[in-house]
Amino acid sequence: MMIVLTSLIFALIGLYLGGGGIWLIVLGGSWFYLIAGAAFLATSFLIFARNPLAYWVYGVTILVTLAWALLEVGLDWWQLGARGGLVVLLGLWMLVPWVRRPILRDEYGFPEQRPAARAGAWPLAGAVTLSIIVAAVSLFTDPHAVNGSLPGVRNADASVTERVPADEWHAYGRSERGQRYSPLDQITTENVGDLELAWQIQTGDMKGPNDVVETTYENTPLMVDDTLYVCTPHSWAMAFDAKTGEQRWKFDPQVPVDGNRQHQTCRGVTYFADPDIAEGERCKNRVYLPTADARLIALNAADGTICEDFAENGTLHLETNMPYKTQGYYYSTSAPLAIAGKIIVGGAVNDNYSTQSPSGVIRAYDIDTGELIWNFDTGNPDKTEPLGPDETYTKNSPNSWTVMSGDSDLGLVYVPFGNRVPDQIGLNRSPSEEKYSSSVTALDVETGEPVWVFQGVHHDLWDMDAPAQPPLLDLTIDGETVPALVMPTKQGEVFVLNRETGEPILPVTEVAAPQEGGLEGENLSPTQPVSALSFNPPKLTGKDMWGASLLDQLACRIKLKQYNYEGRYTPPSLNGTIVYPGNFGTLNWGSVAVDPERQVMFAMPVYMAYTSTLVPKTEPGAPTQGINSNNGSPYAVAFSTLLGPLGVPCQAPPWGYVAGADLTTGEIVWKHKNGTIQDMNPLGLKIRMGVPGIGGPIITKGGVAFLGAAMDNYLRGYDLTTGKQLWEARLPAGGQATPMTYETSDGTQYVLIVAGGHGSVGTETGDYILAYKLPEG
């Protein structure tokens, strides 16, 4: 019975590999699978015939598979496992007594005397043993690691220029410059391993049964005068004692549930101390709360009550002058920018819902009164003076859903823009929308007029928004101090620009982009910009395909060949296009952290391949179930992660890294796998594969970088110089947020993170805030 069953298993696998191998060859792929299929079928026949040659044939099959795997992927354990795991396991099965004896012994139970049987099972056992040895060696080899050490301090006075007290955190990225750098150094590389939980609280704001999928905790709290200021997914503003976590006040704006929203989150509030109001007076210190129903509310920082002298009884209504006011299509997810007596507000517009969507206008309001001072609309960039009550902004124009940066000395606001709705169809974009789409644009803080624009993607059809707050710092280039801006992008480029002029500091070259397979009439850009500092991965090939076994690895290779794919920027198509890096982003809203003294950067590059398929609709505006409908457009769009038959990524790990780069040269000095699959497998196995993440890092003067973000529930501390992980703490929920650090009036430095999970990536939900400190004494 075992012989028949074993023969049947080999036959089925052989038929699958042979048939799939022929299909792959027709598509222009590897011949290996056809050869392997033939070898499995031959082994099946020999097993069924109880012929000892089965051990020779299958032993050679294992050796050929091993040689092929090593030639393709080297000593990469996860890649070798996909190719050889099933093959070796079947070899071990053939060595068990109840399979081996019927083949290698005659009908009387004595060893076979045929020449093929004299070696017994040793040909197969030797091949299996060699494969296991190679696998063991690969376990201790990391072919993906880049090792090195970042330079030390090059400008010791750089952090002194910040207007934020060293012990506090006043804005989303700590200051208007968005560096995510703290000059605190109580926690160092030597003692970070001793960090312990100081306090843990829960806000009480949990995802409800009627909330949208992407209900997420992405908040980075602020800390001023020993008080923490937090916002939650349902737009609650809360204040806590920074030493103990005790709640001081809570404000609930009563945001209604709305299934139209794509995102239910609040990344941060904005703090402002009014210099024209005397100390101790009400609303001297304010917290501005952006809400998920398109309001901006001014609160008294002392007690959370509304500052009624701002706008209309304390509230700005951001749907004012919008061309369409469909509920849930426009809202704020990120903290506005307080600068030069103004509060600068962007907003999120739902992706791929409708061609009749609100505008992506940027507006500057008087921070005291809420009076509109200027507006910058990429669809009408020459008209920056406030609109009249009966005028409207341009529909669908590129929006800025993320956090802006500012330079008070230069009088500039730096706005990261997305692209026009719908993201994947560019047939009806105006010249001005083409100019500002997927760019960072510098606006004059007094007038809103554009000073310069740098575009990260030309004619963006891949949802490659400029997704992140661009950090500002000064770099020493050829002995000269240059004002710099660091522009992280979803596609993996990190553009380092002169923030005064917009000119590249690190070289940017235009590289030819794919031109075939897109919609007829689409004005594809012939080139795309590439920075000297780039996390752009190599083009996917068949050898990058992965799976739990050789079987689904073959299926993924076939899938790779079936889709349109000529590398990054292959245009969206009716056939379906692979988008790699995907619009999840190599870098996303978590941005990067920069050290202004060492002039280096800490980043979390992520690599996940997606597919994008344009779907014709019978009538413009017709609903299309299960995909983004793009109402008003002739095409809907279907998105998916590039997955194999078992639901695991087709693309081989690692999928997530931490990396350190020198901003003066563009060199990526070190790069290491980040995160484990502990919270992604039912057994809770803590295996470091390098997993995706979303969130951001911070850097401290103590030489430690902190990062949560990964899809396992940990907050980690790293040596900024080498990238070595020095510490980790288990979180009760997903830490898809950016941590922060501060020092209280008693001289204690804390590291804090919000852990509430992320709906889209499926991490554990919660409502936690956790603070860590060194032991006393």
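Observations, loosely collected:
- Glu449 versus Ile9: modelled label distance in nm, points set 7 Å from Cα along the beta carbon direction: 7.7
- Computed magnitude of the charge dipole of the range 418-568 (debye, nearest 20; Cβ of K, R +1, Cβ of D, E -1): 860
- If the segment from Ser745 to Thr618 were pulled out straight at 0.36 nm per residue, it would be longer than the present Cα-Cα gap by 39.2 nm.
- Cleavage-rule hits, GluC sites (Glu not before Pro), the range 12-114, DSSP coil, Cβ neighbours within 10 Å at most 13: Glu107
- Using a probe of 1.4 angstrom and keeping all protein chains present, the accessible surface of the chain works out to 36 square angstrom per residue.
- Taking Cα atoms only, the orientation of helix 32-48 departs from the longest principal axis of the chain by about 40 degrees.
- Taking the accessible area of the range 268-466, probe 1.4 Å, and keeping the other protein chains in place, the carbon and sulfur fraction comes to 46%.
- When the alpha carbon coordinates of the chain are projected onto the principal axes, the ranges are 104, 70, 56 Å, largest first.
- Cβ-Cβ FRET estimate between Asp303 and Lys325, R0 fixed at 56 Å, reported to 0.05: 0.95
- Annotation note: trypsin sites (Lys or Arg not before Pro) in the range 172-280 located in DSSP loop regions with a Cβ neighbour count of at most 16 within 10 Å are absent.
- Projecting label points 7 angstrom from Cα along Cα→Cβ for Asn313 and Val257 puts them 2.7 nm apart.
- Charge-dipole axis of the range 1-139 as Lys and Arg at +1 and Asp and Glu at -1 on Cβ define it, positive-most pick from Gly81, Leu24, Tyr58: Tyr58
- Net length available on complete extension from Trp68 to Glu776 is 249.2 nm, with 0.36 nm assigned per residue and the Cα-Cα distance removed.
- Selection from Tyr565, Thr722, Thr220, by position along the positive dipole direction of the chain (Cβ): Tyr565
- The range 163-221 shape via C-alpha gyration tensor axes, a/c threshold 1.5: oblate
- Cα→Cβ-extended label distance, 7 Å offset, between Ala156 and His144, nm: 4.0
- Rounded to the nearest 20, the Cβ-based charge dipole of the chain about its Cα centre (Lys and Arg +1, Asp and Glu -1) stands at 4380 debye.
- Each residue of the range 501-516 was assigned a 3J(HN,Hα) from its phi angle through the Karplus expression (A = 6.51, B = -1.76, C = 1.60, θ = phi - 60°), giving 10, x, 6, x, 8, 8, x, 10, 10, 9, 10, 4, 10, x, 10, 10 Hz with x at Gly and Pro.
- Charged-residue dipole, Cβ positions (Lys, Arg, Asp, Glu), the range 502-607 about Cα centre, Debye nearest 20: 460
- With the convex hull drawn around the C-alpha atoms of the range 268-466, the volume per residue stands at 107 Å³.
- Accessible area of Met206 in the full protein assembly, 1.4 Å probe (Å², nearest 10): 90
- Ranking Met608, Thr664, Thr744 by Cα position along the charge dipole of the range 601-747, where only Lys, Arg, Asp and Glu carry charges on their C-beta atoms, puts Met608 farthest toward the positive end.
- Using alpha carbons only, the radius of gyration of the range 646-731 set against its Kirkwood radius gives Rg/Rh = 1.00.
- Summed residue charge, Cβ within 11 Å of Ser235's Cβ, Lys/Arg positive, Asp/Glu negative: -2
- Exposure of Ile9 as accessible area (Å², to 10), given a probe of 1.4 Å and all protein chains: 70
- Computed FRET value (nearest 0.05) for Thr369 with Gln562, which takes r as the C-beta separation and R₀ as 60 Å: 0.55
- Mean Cβ neighbour count within 10 Å, used as a protection proxy, ranking 552-561, 680-689 highest first: 552-561, 680-689
- The apolar share of the surface of the range 696-770, taken as the fraction of accessible area on carbon and sulfur atoms (1.4 Å probe, ligands and nucleic acids excluded), comes to 39 percent.
- Loop GluC sites (Glu not before Pro), the range 371-460, which have at most 16 other Cβ atoms in a 10 Å radius of their Cβ (DSSP): Glu371, Glu391, Glu446
- MRE, 222 nm, helices only [DSSP H, n ≥ 4, -39500 (n - 2.57), over the chain, to nearest 500]: -5500 deg cm²/dmol
- The mean sequence distance of close C-alpha pairs (under 8 Å, at least 6 residues apart), as a share of the length of the chain, puts its relative contact order at 13 percent.
- Helix 77-95 axis, angle to the chain major axis (alpha carbon atoms, nearest 10°): 30
- Apportionment of accessible area to carbon and sulfur, the range 1-139, percent (1.4 Å): 77
- Residues of the range 356-372 with amide N under 17 Å of a point placed 7 Å along Cα→Cβ from Asp276: 364-372
- Measuring nothing but how far apart in sequence close Cα pairs (under 8 Å, 6+ apart) lie, relative to its length, the range 1-139 scores a relative contact order of 25 percent.
- Across the range 466-531, the mean sequence separation of Cα contacts (distance under 8 Å, 6 or more residues apart), normalised by length, yields a relative contact order of 23 percent.
The values are calculated or read from the model by the stated rules, or taken from the named source; none is laboratory data. As the structure is a prediction and not an experimental result, all values here were calculated from the model. Note that we place each Cβ from the backbone using ideal geometry, even for glycine, and neighbour counts take in every protein chain shown. The accessibility values were calculated without ligands, DNA or RNA, using every heavy atom of the protein model including side chains. Shrake-Rupley method; radii C 1.70, N 1.55, O 1.52, S 1.80 Å.
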